[in-house]
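Each value in this text was obtained by applying a stated rule to the coordinates, not by laboratory testing. Because the structure is predicted, anything quoted here is derived from the model rather than measured. No Cβ is skipped: glycine too gets one built from the backbone with ideal geometry, and neighbour counts run over all protein chains shown.
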There are 2 protein chains.
Amino acid sequence: MGELTLLRDGNPWGTGTPTDLYIRNGRFVAAGEPDRVIDLAGAQVFPGLIDAHCHLDKTLWGARWVPNTAGPRLADKIDYVRRRGVEFGVPSADRVAALLRHMSSRGTTRVRTHTDVAPHLGLDGCHAVREAAEQVADRITVQQAAFPQFGLLTNPGTLELMDRALRTGLAQVVGGIDPAGVDRDPVRHLDAVFGLATTHAAPVDLHLHDRGTLGAWQLELIIERTRATGMHGRVTVGHAYALGDVEPARQADLVAGLAEAGISIATCAAHSDPLPPLHAMGAAGANLAAGSDGIRDLWSPYGDGDMLTRARQLAYRADCHADDEIEVALRAATFGGAIALGHSGYGLREGDVADLVAVPGATAAESVVTCGERALVMHAGKVVAP
Amino acid sequence: MGELTLLRDGNPWGTGTPTDLYIRNGRFVAAGEPDRVIDLAGAQVFPGLIDAHCHLDKTLWGARWVPNTAGPRLADKIDYVRRRGVEFGVPSADRVAALLRHMSSRGTTRVRTHTDVAPHLGLDGCHAVREAAEQVADRITVQQAAFPQFGLLTNPGTLELMDRALRTGLAQVVGGIDPAGVDRDPVRHLDAVFGLATTHAAPVDLHLHDRGTLGAWQLELIIERTRATGMHGRVTVGHAYALGDVEPARQADLVAGLAEAGISIATCAAHSDPLPPLHAMGAAGANLAAGSDGIRDLWSPYGDGDMLTRARQLAYRADCHADDEIEVALRAATFGGAIALGHSGYGLREGDVADLVAVPGATAAESVVTCGERALVMHAGKVVAP
């Protein structure tokens, strides 16, 4: 039997009172005679934070500031990222590993990252992310989606590369992008994405930026396809701006459809982008996860790799003022992410994997609003920070 | 002659190169033989940050976390704030002073605060803010607006209290609130507000939350009234959500009207509220300032009293990616605020008052995005932080 660790005087989320936590062999266990004791001084304890949507392969983390000089149009930005990516040696396993170390020091224990796959890039991004993930495997767990950033059907050779990434185990998730707005042929795009998912028994995680009725209609297609392929619980849609900007009656139908099909939404609450309806989704039982999106890269200079500040941003953007409303946002950055990523054994109960973050605060909501220093981060029972 | 201070190896905003700054008797002066030298280690130097719109009187700063249990309707929230304000001893000069000290430690050197004035409160808020401002007058300069939060015409006795606050010098600015949406009689509301301003030779700073066509129409009324009273350069509108959500052609007309009338807009870039059009305003010469709004109070648990994080939030919400775009947001938290508050002698040139904040960063934009520790804060030549 491994060493028994006692975490004393923490406030596990939901208990409302200081409660001892015991950890052995990487999991929460029943009370016993501890071999070592860590005092949490009344900090709130949450399950490890989950970044359900990021782009680690693109990061410049740790590099000097790069003034963004991309033009205003989407095509300008894509061209800019391609051109300067070569200049700055993107992707870099070292930078990805540095970012992952930072993320874990802020309490994130599990990540799903979307890695660009395209003929002009090959699988370099997937290799860099895997190499980085292996370096920090004892601190943070990384899932990789093969992501057709530059188009799937519209960029011949991409599907074959995605297939290879999944076949070789480099990627574990099938990505997709705006079946209509970007890839121009929504049905064939979903044929390709769900086809790969079926072949490799892999989950699906599609980007959907298209807004309004076009985006809403694609959500319907994705709901239908998820049902038809029996993929309940294994499909996520990232951003899904349309869910936040369609008219209320259709929004309610979509939320009900997502709940029934077991589809997760991953939001980054970014910029002024439309937000998914947190409270309506909660009421309907539709799962919401949260993520960082790009972190300090050639697309965007923003991002701090901290899922607690991201939870605060989600709460703030959604006008969550009451403690229980703020906890809905925190739920997206914890349990919602675990559902989206398909992690079982997630939580603070006996038997769960001992991934956790402890943060000063009188209540969970205060911890989210103040985003203080992390008193303790554990990944599978191992102390990661401070 | 006072002592000559040399700030060495800082990057004054706009110079693009390390430039020595000399300070004597509270102002920037020409080079000379310094009595003391402060090394800025390459930090960016900005004029002191300006919080052009906050509500210091309401703050619970420094108190224990208060879970917000207000109901969802506006009337619930107003009732909640009244009821619990008594319980928590709001307003408190000590808390206001503690918040002002914190704000100054983050680089804010000038503030305009909107203080609730109403018969059930009297001028207690104004007295508390003045007492606090006097305690910290060597660190930060406070302007106070008498603010009819609970209505002006609809709350008899408020106008007389505002008049008294201005007459006695407790307040220096005439506040107002949604002439149509809250006070129900827009023309008479503006009669009252601009009447007080004329009587006391005071500037005007109106809250305007009303959205869409109702808000846009009131902006027109305010523009007309500003012209008619010759108050060019002495009127500010806070929030002005309508400016961010009207149709583009009308938005352009309003921006041109604001520029021509010399009216400033003060935005807090809060929650998911509509943003004023930063770039269109800049192109038209319409002034934009920025503020914190409420900071840790019974209305809202959010706010950190840091105008650099507020500038970042404004830049992020407005999708500013390029360095020069990010600097537009920083301008709102500096020069834009100085214009709104009517401060002359503001800047980093010889003769300007030596209010400044130095922040690590290779460029101004990096300093905004990273919001690092403040290397130096000065208020009128006095070191305030660290």
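Details
- For chain A, modelled as a GNM whose springs connect Cα atoms under 10 angstrom apart, the maximal fluctuation among A:Leu341, A:Leu254, A:Leu356 occurs at A:Leu254.
- The stretch B:121-201: proportion of alpha-carbon pairs further apart than 17 angstrom, %: 45
- Helix-derived mean residue ellipticity, 222 nm - over chain A, DSSP H n ≥ 4, -39500 (n - 2.57), to 500: -11000 deg cm²/dmol
- Largest first and in whole Å, the equivalent-ellipsoid semi-axes of the stretch A:48-341 read 26, 23, 18, each the square root of five times a Cα gyration tensor eigenvalue.
- Amide H contacts of B:Ala354 (H built 1.01 Å from N, under 5 Å, at least 5 apart or other chain): B:Arg27, B:Phe28, B:Ala380, B:Gly381
- For the stretch A:126-159, the residues whose backbone nitrogen is under 20 Å from a point 7 Å from the Cα of A:Thr229, taken along Cα to Cβ, are A:143-159.
- Taking Lys and Arg as +1 and Asp and Glu as -1, the other residues whose beta-carbon sits under 10 Å from that of A:Leu153 total -1.
- Phi angles of the stretch B:21-34 translate, via the Karplus equation with coefficients 6.51, -1.76, 1.60 and θ = phi - 60°, into HN-Hα couplings of 10, 10, 9, 9, 6, x, 10, 6, 9, 5, 4, x, 8, x Hz per residue; Gly and Pro are given as x.
- Taking amide H as placed 1.01 Å from N in the peptide plane, the amide H of B:Val90 sits under 5 Å from none that are at least 5 places away or on another chain.
- Along its three principal directions, the equivalent ellipsoid of the protein assembly as shown from the Cα gyration tensor extends over semi-axes of 45, 29, 28 Å, largest first.
- Each label was represented as a point 7 Å from its Cα along the Cα-to-Cβ direction; for A:Arg349 and B:Glu131 these points are 5.3 nm apart.
- Highest mean packing first, where packing is the average number of other Cβ atoms within 10 Å per residue, the peptides B:43-52, A:266-275, A:12-21 line up as B:43-52, A:266-275, A:12-21.
- The stretch B:331-375: C-alpha gyration tensor shape, a/c 1.5 cut-off, then a/b vs b/c: prolate
- Shortest-first distances to equivalent copies, position B:Arg250, nm, label 7 Å out along Cβ: 2.3
- Table column - 3J(HN,Hα) (Hz), the stretch A:191-199, Karplus curve with 6.51, -1.76, 1.60, x for Gly and Pro: 3, 5, 5, 6, x, 4, 4, 5, 4
- Scaling against 2.2 N^0.38 Å puts the C-alpha radius of gyration of the stretch A:71-159 at 1.18.
- Of all DSSP beta bridges in the protein assembly as shown, antiparallel share, percent nearest 5: 35
- Summing Cβ point charges (Lys, Arg +1; Asp, Glu -1) relative to the Cα centre of the stretch A:48-341 gives a dipole of roughly 580 debye.
- Cα long-axis angle, helix B:124-135 against chain B (0 to 90 degrees, to the nearest 10): 10
- At the listed q of 0.17, 0.22 Å⁻¹, the Debye profile of the stretch B:157-261, built from one uniform point per Cα, gives log10 I(q)/I(0) equal to -0.73, -1.16.
- Antiparallel beta bridges, as assigned by DSSP with both residues in chain A, represent about 35 percent of the total such bridges.
- Förster-model FRET efficiency, 45 Å R0, A:Asp245 and B:Thr199, C-beta, rounded to 0.05: 0.45
- Dividing the convex hull volume of the alpha-carbon atoms in the stretch B:1-103 by its residue count gives 178 Å³ per residue.
- Each residue of the stretch A:255-270 is assigned a 3J(HN,Hα), and the resulting list reads 4, 5, x, 5, 4, 5, 8, x, 9, 8, 10, 10, 10, 10, 6, 8 Hz, derived from the Karplus form 6.51 cos²θ - 1.76 cosθ + 1.60 (θ = phi - 60°), x at Gly and Pro.
- Centroid-to-centroid separation of the stretch B:1-36 and the stretch B:147-178 [C-alpha atoms, Å]: 42
- The charge dipole of the protein assembly as shown, taken about its Cα centre with unit charges on the Cβ atoms of Lys, Arg (+1), Asp and Glu (-1) only, comes to about 440 debye.
- For A:Ala385, the residues whose modelled amide H falls within less than 5 Å of its own, excluding neighbours fewer than 5 places apart on the same chain, are A:Val377.
- Cα-based helix-to-principal-axis angle, B:158-167 vs chain B, degrees rounded to 10: 30
- Counting, for every residue in B:61-70, the Cβ atoms of other protein chains within 10 Å of its Cβ and taking the mean gives 4.
- Take each residue of peptide A:359-368, count the partner chain Cβ atoms within 10 Å of its Cβ, and average: the result is 2.
- Angle in degrees between helix A:307-317 and the longest Cα principal axis of chain A, rounded to the nearest 10: 70
- Label-point separation in nm, B:Asn25 to B:Asp191, each point 7 Å along Cα→Cβ: 5.0
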